[in-house]
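Working notes for the structure below.
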Amino acid sequence: MATALAARGERAVLSYAGRTEAPRAQAIPTRIGGFGGVEGLADHMRSEGVTHLVDATHPFAARISANAIAAAEMEGVPILALTRPEWVDGPGDRWIRVTDTEQAVAALGADPVRIFLALGRQTIGDFASAPQHFYLLRFVDAAEPTLPHHHLVVDRGPFTLAGELALLRDHRIQMLVAKNAGGSGARAKLDAARELGLPVVMIDRPFIPPRPQVSSVAAVLDWLDHGVVRGV
Ligand SMILES: NC(=O)c1ccc[n+]([C@@H]2O[C@H](COP(=O)([O-])OP(=O)(O)OC[C@H]3O[C@@H](n4cnc5c(N)ncnc54)[C@H](OP(=O)(O)O)[C@@H]3O)[C@@H](O)[C@H]2O)c1
């Protein structure tokens, strides 16, 4: 999205929450840090003369998405979400669908298993209540996870099927836990799990109030040009 906006010479700013230590370089200016809730975001948009708001956050970033809807309404600024379509299970998949991390912990069972916990740093603390399992973690930045029995890999996607198969085999993984992020960059672990016949505890997306939504950069550009949502 940022590359496409830069190519068109749009005046655009990419906003980061500040979770990643060294984000990738971008073709448009960036800012880092929260706004201080709905009022803060609304003030920011007013003072910067923002005319369009694109919510391109991760589908699990429910708070900022709800704030963006409310702030856009307050300021009368049109808003569009750019979201990856959800993953759906197919033949050969062994998904256990849950609604949150608490349910995911319960789905692991009482007996110790070796788990690839494909979640960000923010939610892994919930798994400390099931210390009998081994947890393989993969973060963008090095960190000191609070889980007792773990191995941390520092890497960032996109990941390949061959790479994910090797990772799961090397660590003798028996089960995966993932958020339904959607998209292609993080999909390979699910294909690898299917190939190895491993169960996947899949955490469903959180509720986000209804808003116009597309899944392609082209559809966002079309919306900027014509003010209507035509494609997805
Ligand atoms: N949740 C995930 O699983 C996940 C996974 C991968 C990447 N991410 C990314 O990590 C970031 C934070 O995610 P989260 O789940 O912590 O979000 P969240 O719970 O929805 O938001 C928490 C707070 O972080 C600030 N914030 C979030 N996104 C921001 C942005 N793009 N620009 C400025 N401030 C932002 C806001 O602070 P104020 O209220 O002070 O404005 C917001 O209230 C997002 O950019 C998201 O796309 C999240």
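Values in this text are rule-based calculations from the coordinates and carry no lab data. These figures come from a predicted structure and were not determined experimentally. Methodologically, a virtual Cβ is constructed for each residue, glycine included, from the backbone with ideal geometry; neighbour enumeration extends over all protein chains shown.
Side notes on the structure shown:
- Subset tally (residues that are under 28 Å from S215 (Cβ atoms), surrounded by 14 or more Cβ atoms within 10 Å (Cβ to Cβ) and polar (S, T, N, Q)) for the stretch 130-188: 1
- Residues of the stretch 41-55 that turn out to be touching a residue at least 24 places away in the same chain (Cβ under 8 Å) and surrounded by fewer than 15 Cβ atoms within 10 Å (Cβ to Cβ), as a count: 3
- L80, sole failed condition from (1) within 30 Å of A22 (Cα to Cα); (2) in contact (Cβ under 8 Å) with a residue 40 or more places away in the chain; (3) outside any loop (DSSP other than H, G, I, E, B); (4) out of contact with any Pro (no Cβ under 9 Å at 6 or more places or on another chain): (4)
Here's the yes/no breakdown for (1) in contact (Cβ under 8 Å) with a residue 24 or more places away in the chain; (2) in contact with a helix residue (DSSP H, G or I) (Cβ under 7 Å, 6 or more places away or on another chain):
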residue	(1), (2)
E102	yes, yes
V105	yes, yes
V154	no, no
R187	yes, no
R194	yes, no
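- Per-region count, the stretch 1-38, residues surrounded by fewer than 16 Cβ atoms within 10 Å (Cβ to Cβ), more than 8 Å from the ligand (Cβ to nearest atom) and without any contact (Cβ under 8 Å) to a residue 24 or more places away in the chain: 9
- Complete set of residues in the stretch 60-76 that are out of contact with any helix residue (DSSP H, G or I) (no Cβ under 8 Å at 6 or more places or on another chain) and either polar (S, T, N, Q) or not in a helix (DSSP H, G or I) (or both): F60, A61, S65, G76
- Positions within the stretch 114-129 being surrounded by 15 or more Cβ atoms within 10 Å (Cβ to Cβ) and farther than 23 Å from A61 by Cβ, in sequence order: R114, I115
- Top-ranked residue of the stretch 44-59 - restricted to ones that are part of a helix (DSSP H, G or I) and more than 11 Å from the ligand (Cβ to nearest atom), ranked as farthest from L221 (Cα to Cα): S47
- With respect to (1) free of Cβ contacts under 8 Å to residues at least 40 places away in the same chain; (2) within 13 Å of the ligand (Cβ to nearest atom); (3) over 30 Å from L147 (Cα atoms), the lone exception for A66 is condition (1).
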